1. Report yes if Thr25 is of a type in the set (Ser, Thr, Tyr) and more than 20 Å from Thr132 (Cα to Cα), otherwise no.
2. Quick one: which strands (runs of 3 or more DSSP E) lie wholly within segment 74-154 and hold at least 1 residues that are loosely packed, with under 13 Cβ neighbours inside 10 Å?
3. Please specify each residue of segment 25-44 satisfying the condition of being touching a Phe, Trp or Tyr at 6+ places or on another chain (Cβ under 9 Å) and touching a residue at least 40 places away in the same chain (Cβ under 8 Å).
4. Run Lys147 past the list (1) in contact (Cβ under 8 Å) with a residue 60 or more places away in the chain; (2) of a type in the set (D, E, K, R); (3) in contact with an Asp or Glu (Cβ under 9 Å, 6 or more places away or on another chain) and report the number of the one that doesn't hold.
5. Pick out the one residue from Ala74, Ala108, Ala117, Ala141 that is over 14 Å from Gly31 (Cα atoms) and free of Cβ contacts under 8 Å to residues at least 12 places away in the same chain.
6. Which number in (1) out of contact with any strand residue (DSSP E or B) (no Cβ under 9 Å at 6 or more places or on another chain); (2) over 20 Å from Ser142 (Cβ atoms); (3) not β-branched (Val, Ile, Thr) marks the one condition that Met24 misses?
7. Restricting the search to segment 102-154, which residues are touching a Pro at 6+ places or on another chain (Cβ under 8 Å) and under 21 Å from Gln81 (Cα atoms)?
8. For Ala84, work out the one condition from (1) over 23 Å from Thr144 (Cβ atoms); (2) within 12 Å of the chain's Cα centre (by Cα) it doesn't fulfil.
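Nothing in this text is a laboratory measurement; each read-out follows from the coordinates by a stated rule. Everything quoted here is computed from the prediction, not taken from an experiment. A quick note on method: Cβ atoms are made from the backbone with ideal geometry, for glycine too, and the neighbour counts reach across all protein chains shown.
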Amino acid sequence: MIDTTAQRALLSRYPTGVTVVCAMTDAGPIGITVNSFASVSLDPPLVLWSIGRASDRYEAFLSAKVFTINILTAEQAALAQHYAQNAMLVDGHWTMASNGAPRISNAAGTLECRQHAVHPGGDHDILVGEVTALHEGPAAASLTFFKSGYGRIG
């Protein structure tokens with residue numbers, strides 16, 4: 001049996017980008033910090049991310065038919081930390097995307113998506129989104145996550 005603490009420590013040596021996934025709910029706009037984001041296909045344009053089934057935001061994102069994936073700049077580490085712990089979006093830091101989901105202001109890039117599929121993945125579910133629109137943000141260094149800390153690349 002694999003020790004989950006050892007697995008987490010080893011995987012922390014793999015640097016990832018940092019995104020905030022956003023959706024609109026009856027209670028208002030929500031976000032969650034995600035580093036499990038990846039491209040799946042260019043034709044059709046598909047991306048994926050995963051959410052823990054124990055997350056307090058699990059049901060909201062599972063039921064969201066549209067969402068945005070916002071690639072953060074290195075200057076947005078405080079936002080990443082905020083959405084790792086808090087669901088509600090910070091006023092003044094987002095606008096509405098054309099698909100009806102919130103979009104983080106000044107992100108390095110945003111993908112507007114509609115839910116394409118959901119697949120079980122152990123203690124997480126893998127959400128596949130079909131990209132319906134792209135938005136390039138400022139040409140800035142991107143936020144990274146490595147050994148449980150934020151960094152920058154670019």
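1. Answer is no for this residue.
2. 94-96, 109-121, 124-136, 149-153
3. Pro29, Ile30, Gly31, Ile32, Thr33, Asn35, Ser36
4. The single condition Lys147 does not satisfy is (3).
5. Matching residue, one of Ala74, Ala108, Ala117, Ala141: Ala117.
6. (1) is the only condition that Met24 fails.
7. Within segment 102-154, Pro102, Asn106, Ala108, Thr144, Phe145, Phe146, Gly151, Ile153 meet the criteria.
8. (1)
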